[in-house]
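Enquirer: Got a structure for you, questions after.
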Amino acid sequence: MKILAISGSARRLSTNTALLRALEEIAPPDIALTTCADLGGLPVFSPDLEDLPLHDSVVRFKQCIEASDGILISSPEYARGIPGGLKNAMDWLVSGDLVVAKPIALVHASHRGDDMLASLRLVLSTISSRFNEELFLRFPFMKMEPEAIASAVRQPVNRAPAEAFLQEFARYCGRPQGDRA
Ligand SMILES: Cc1cc2nc3c(=O)[nH]c(=O)nc-3n(C[C@H](O)[C@H](O)[C@H](O)COP(=O)(O)O)c2cc1C
């Protein structure tokens, strides 16, 4: 099972990216999680730029999406909304059919950010029929260093719900479209 984990933060010491990388580390052997924290290379979306040839970074991004069985997203909140880089990346996916049937769930590294989460849920339920709102993993890791986050996720009290979440998401990815149980 190939899961693409997208971070909405371009910050070097991002807690959201660190959480996704910590999940990579504890993922069961049958779940290959790959973190993408490089949305800054995508040009600002315009339908004009969808004429071929596409920018190399867009081609690579779309290939990563296509090759995945499911997508996890973890993002900070900026000015009560979705960071521009993440919204831009999603705008690049709107006109094609790459994410229409792609299983998607959210992860979150902060006790704050609920306005961003509400906006992101609205966008994801617009672009994918398989965005699963019920599957959600959240830790209060705001302001923590990546190494401390990796260590916290290895602790049984956090590792158990994180592993359960990954297994549940992998099961959801393997289910036929329309089957949410
Ligand atoms: C420019 C800027 C704007 C922010 N705006 C908000 C906000 O509106 N609401 C909020 O809860 N946090 C806000 N934050 C805090 C970040 O969402 C928070 O620190 C987040 O955990 C950072 O994620 P990261 O470590 O992955 O970069 C803001 C941070 C920055 C730098």
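The values are calculated or read from the model by the stated rules, or taken from the named source; none is laboratory data. On a predicted model such as this, the values are computed, not experimentally measured, just so you know. Neighbour counts are summed over all protein chains in view; Cβ atoms, including those assigned to glycine, are modelled from backbone coordinates with ideal geometry. Heads up: the accessible areas ignore ligands, DNA and RNA and are worked out on the full protein's heavy atoms, side chains in. Shrake-Rupley method; radii C 1.70, N 1.55, O 1.52, S 1.80 Å.
Enquirer: What residue, of 148, 118, 89, is farther than 19 Å from residue 15 by Cα and either out of contact with any helix residue (DSSP H, G or I) (no Cβ under 8 Å at 6 or more places or on another chain) or among the charged types (D, E, K, R) (or both)?
Expert: Just one listed residue meets the conditions, 118.
Enquirer: Another question, if that's okay. So if I check each of 145, 168, which one is under 16 Å from residue 76 (Cβ atoms) and either more than 16 Å from the ligand (Cβ to nearest atom) or not β-branched (Val, Ile, Thr) (or both)?
Expert: Among 145, 168, only 145 is under 16 Å from residue 76 (Cβ atoms) and either more than 16 Å from the ligand (Cβ to nearest atom) or not β-branched (Val, Ile, Thr) (or both).
Enquirer: Would you confirm, using the coordinates I've provided, whether residue 122 is of a type in the set (A, V, I, L, M, F, W, C), open to solvent by less than 60 Å² (accessible area, probe 1.4 Å) and within 15 Å of the chain's Cα centre (by Cα)?
Expert: no
Enquirer: Could you grab me the full set of residues in the stretch 36-71 that are under 22 Å from residue 97 (Cα atoms) and surrounded by 20 or more Cβ atoms within 10 Å (Cβ to Cβ)?
Expert: 39, 61, 68, 70, 71, listed by residue number.
Enquirer: Take the residues in the stretch 72-89 that are open to solvent by 10 Å² or more (accessible area, probe 1.4 Å) and under 17 Å from residue 131 (Cα atoms); name whichever of them is farthest from the ligand (Cβ to nearest atom).
Expert: 87
Enquirer: A further question on this structure: Which of the following residues is open to solvent by less than 90 Å² (accessible area, probe 1.4 Å) and in a helix (DSSP H, G or I): 136, 169?
Expert: One residue alone meets the criteria, 169.
Enquirer: What single numbered condition from (1) in a helix (DSSP H, G or I); (2) crowded, with 16+ Cβ neighbours inside 10 Å; (3) not aliphatic (A, V, I, L, M) fails to hold for residue 141?
Expert: (1)
Enquirer: So, one more: Search the stretch 90-112 for residues being out of contact with any Ser or Thr (no Cβ under 9 Å at 6 or more places or on another chain) and part of a loop (DSSP other than H, G, I, E, B), and hand back the single one that is surrounded by the most Cβ atoms within 10 Å (Cβ to Cβ).
Expert: 98
Enquirer: Show the residue pairs meeting these rules: Cβ distance below 8 Å; 6+ apart or different chains; first residue within the stretch 67-93 and basic (Lys, Arg); second residue open to solvent by 50 Å² or more (accessible area, probe 1.4 Å).
Expert: Pairs found: 80/115.
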